[in-house]
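Engineer: Below is one structure. I have some questions about it.
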Amino acid sequence: MNRLKIREILSRPSQGMPVDVCGWVRSRRESKGIAFIALSDGSCQDTLQLVIPEGSAAFPRLRGCNTGAAVRASGYLRESPGKGQSFEMEVSAMEVFGDADPVTYPLQKKGHTLEFLREIGHLRPRTNTYGAVFRIRNLLARAVHEFFQGRGFVWVHTPIITASDCEGAGDLFSVTTLDHENPPRHEGRIDFSKDFFGARSYLTVSGQLEAEFLSMALGDVYTFGPTFRAENSNTSRHLAEFWMIEPEMAFADLQDDMALAEDFFRFLCRTVAEQGEHELAFLEKQYKTISIAGIRGLGDKPFVRITYTDAVRELGKAAGKFEFPVEWGLDLQSEHERYLTDTVFCGPVIVTDYPRDIKAFYMRLNEDGRTVAAMDVLVPRIGEIMGGSQREERLEVLESRMRAAAISGGSLEWYVDLRRFGSAPHAGFGLGFERLVQYITGMPNIRDVIPCPRAPLSIRF
Ligand code: ATP
Ligand code: MN
């Protein structure tokens with residue numbers, strides 16, 4: 001089919017330009033013997049207005065062409081006398097691929113709630129809101145690669161199925177082909193040596209450990225792929241399946257890590273403000289949770305940096321406001337994170353140097369012996385959006401941290417090896433891709449920024 005996309009048509013329209021277009025009918029109305037169709041093909045936020053006069057050969061086709069129908073139309077572009085669009089299409093021929101029954105098609109009227117639309121996940125991409133969100137998601141994914149490729153980082157593909165069960169990042173999903181009704185047993189316990197891989201295996205919670213060995217050869221690397229956490233947290237910012245971006249830099253410390261995180265985030269904000277202008281304008285107008293000016297502004301604003309110890313002191317001043325206690329040694333809860341970003345600093349904040357005992361074993365121990373070279377990037381509304389650290393590169397320190405965390409070297413011997421052979425300072429972080437999309441689009445629930453959200457007790461589509 002020799003069709004033009006609406007995005008192409010509207011980016012360089014001209015009077016009399018012949019057009020062949022395909023799409024779905026968003027709405028249809030008739031006035032003074034002329035039919036008007038708003039057509040969307042998903043290529044951009046705008047619809048194309050089709051004009052079909054009563055006498056036209058295409059007019060009889062309208063009987064089988066309701067809201068939701070898929071059609072092809074041929075005709076000419078012309079300047080529009082009406083409000084709301086500068087060009088419209090005069091249709092000379094039309095073909096209906098598939099109609100949608102007006103009685104049963106659920107997307108008849110505007111103004112469905114996001115909760116209702118979640119129930120019809122296979123149709124919701126046809127709405128303005130989800131079209132905008134998924135195009136922004138695509139734009140951000142492209143910008144992620146642009147940023148890292150532009151800096152000479154190598155995109156590495158870390159495994160989705162892993163044997164490491166001790167990364168400490170969350171609860172794991174098991175991967176098995178054993179018969180659930182009647183698994184093989186050995187001395188009363190399930191015998192995983194008979195399982196597919198001959199050992200227990202899981203869906204990955206993070207590609208970091210593998211990215212580390214790749215960075216110890218390729219220098220600067222990044223992952224961008226799906227990760228899985230069986231955490232039973234039914235919140236508006238947790239998914240059981242989400243995408244993560246994890247850069248890892250060789251010969252880098254926490255300062256370098258923070259600088260990268262900040263440059264990265266600001267690049268993404270600037271890019272999306274530029275290239276996603278129509279989508280963001282729609283979301284801004286519709287939901288009023290974001291502003292393009294705000295997103296563009298983030299592209300220039302330096303992040304506040306504060307140590308965990310100072311943050312706890314700051315939060316202590318407002319202790320009465322919180323449900324959870326604030327005390328040195330306890331992890332920050334999301335109410336604390338949001339207080340820092342939304343009330344104290346009014347913008348993104350990087351919290352550094354957390355207590356050793358609440359962070360993972362691989363984070364580099366600071367001089368004080370009590371804190372580690374970790375950083376969390378917090379943003380308004382969402383809280384933590386990135387978490388990272390300088391990694392422990394000293395063999396003895398790493399081994400003693402692993403002992404303290406009761407992690408047996410066994411399955412991670414290869415990880416310890418990296419400290420035996422050419423160990424070097426290195427650092428990285430993980431950005432949750434859906435939290436980023438959520439932040440940029442202003443969607444209140446993370447389930448609305450991924451086509452098929454996976455959450456406890458929910459696996460439709
Ligand atoms: P949180 O405290 O919010 O649960 P975390 O400390 O478990 O986050 P990390 O293990 O540091 O997070 O993971 C890195 C990043 O991945 C986080 O900063 C966040 O953006 C994202 N992330 C973590 N868990 C989830 C989840 N369940 N759903 C979506 N994104 C997540
Ligand atoms: Mn978590």
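The values are calculated or read from the model by the stated rules, or taken from the named source; none is laboratory data. Note that this is a predicted model, so its numbers are computed, not measured. Cβ placement follows ideal geometry from the backbone for every residue including glycine, while neighbour counts extend to all protein chains displayed.
Engineer: Sort out which residues of the range 232-279 are surrounded by 16 or more Cβ atoms within 10 Å (Cβ to Cβ), within 12 Å of ligand 1 (Cβ to nearest atom) and either in a loop (DSSP other than H, G, I, E, B) or free of Cβ contacts under 8 Å to residues at least 24 places away in the same chain (or both), and write them in order of number.
Structural biologist: Of everything in the range 232-279, those that are surrounded by 16 or more Cβ atoms within 10 Å (Cβ to Cβ), within 12 Å of ligand 1 (Cβ to nearest atom) and either in a loop (DSSP other than H, G, I, E, B) or free of Cβ contacts under 8 Å to residues at least 24 places away in the same chain (or both) turn out to be 237, 238, 239, 240.
Engineer: Scan the range 382-400 residue by residue and report those that are under 30 Å from residue 334 (Cα atoms), part of a loop (DSSP other than H, G, I, E, B) and not aliphatic (A, V, I, L, M).
Structural biologist: If the condition is that a residue be under 30 Å from residue 334 (Cα atoms), part of a loop (DSSP other than H, G, I, E, B) and not aliphatic (A, V, I, L, M), then 392 is the only one that fits.
Engineer: Tell me, please, whether a residue that is touching a Leu at 6+ places or on another chain (Cβ under 6 Å), closer than 30 Å to residue 444 by Cβ and of a type in the set (Val, Ile, Thr) can be found in the range 200-216.
Structural biologist: For the range 200-216, residues touching a Leu at 6+ places or on another chain (Cβ under 6 Å), closer than 30 Å to residue 444 by Cβ and of a type in the set (Val, Ile, Thr): absent.
Engineer: Is it fair to say residue 206 is among the hydroxyl-bearing types (Ser, Thr, Tyr) and crowded, with 20+ Cβ neighbours inside 10 Å?
Structural biologist: yes
Engineer: Among the hydrophobic types (A, V, I, L, M, F, W, C), in contact (Cβ under 8 Å) with a residue 40 or more places away in the chain and surrounded by 15 or more Cβ atoms within 10 Å (Cβ to Cβ): is that true of residue 10 in this structure?
Structural biologist: yes
Engineer: Kindly check whether there is at least one residue in the range 212-220 that is within 16 Å of ligand 2 (Cβ to nearest atom), under 22 Å from residue 413 (Cα atoms) and in a helix (DSSP H, G or I).
Structural biologist: no
Engineer: Something else about it: Based on this model, can you work out whether residue 227 counts as within 16 Å of ligand 1 (Cβ to nearest atom) and in contact (Cβ under 8 Å) with a residue 40 or more places away in the chain?
Structural biologist: Considered against the rule, which asks whether it is within 16 Å of ligand 1 (Cβ to nearest atom) and in contact (Cβ under 8 Å) with a residue 40 or more places away in the chain, residue 227 comes out as no.
Engineer: Could we say that residue 433 is more than 11 Å from ligand 1 (Cβ to nearest atom) and aromatic (Phe, Trp, Tyr) here?
Structural biologist: When the stated conditions are applied, residue 433 does not pass them.
Engineer: So which of 244, 258, 249 is closer than 26 Å to residue 348 by Cβ, of a type in the set (A, V, I, L, M, F, W, C) and within 16 Å of ligand 2 (Cβ to nearest atom)?
Structural biologist: The match here is 244.
Engineer: Go through (1) in contact with a strand residue (DSSP E or B) (Cβ under 7 Å, 6 or more places away or on another chain); (2) within 16 Å of ligand 2 (Cβ to nearest atom) one by one and return the number of the condition residue 455 breaks.
Structural biologist: Failing condition for residue 455: (1).
Engineer: Follow-up question, since we're still on this one. Quick one: is residue 162 within 26 Å of the chain's Cα centre (by Cα), at pLDDT below 95, buried (at least 17 other Cβ atoms within 10 Å of the Cβ) and within 16 Å of ligand 1 (Cβ to nearest atom)?
Structural biologist: yes
Engineer: Kindly list the number of the only condition in (1) touching a residue at least 60 places away in the same chain (Cβ under 8 Å); (2) outside any helix (DSSP H, G or I); (3) touching a helix residue (DSSP H, G or I) at 6+ places or on another chain (Cβ under 7 Å); (4) away from ligand 1 (no atom under 15 Å from the Cβ) that fails for residue 199.
Structural biologist: (1)
Engineer: Answer yes if at least one residue in the range 368-379 is in a loop (DSSP other than H, G, I, E, B), at pLDDT 95 or above and acidic (Asp, Glu), and no otherwise.
Structural biologist: yes
Engineer: Mind checking which residues of the range 60-108 are surrounded by fewer than 17 Cβ atoms within 10 Å (Cβ to Cβ), of a type in the set (S, T, N, Q) and part of a loop (DSSP other than H, G, I, E, B)?
Structural biologist: 80, 85, 86, 104, 108
Engineer: Hey, another quick one. Would you check which residues across the range 401-430 are part of a helix (DSSP H, G or I) and either of a type in the set (A, V, I, L, M, F, W, C) or out of contact with any strand residue (DSSP E or B) (no Cβ under 9 Å at 6 or more places or on another chain) (or both) and list them?
Structural biologist: Of everything in the range 401-430, those that are part of a helix (DSSP H, G or I) and either of a type in the set (A, V, I, L, M, F, W, C) or out of contact with any strand residue (DSSP E or B) (no Cβ under 9 Å at 6 or more places or on another chain) (or both) turn out to be 402, 403, 404, 410, 411, 412, 413, 414, 415, 416, 417.
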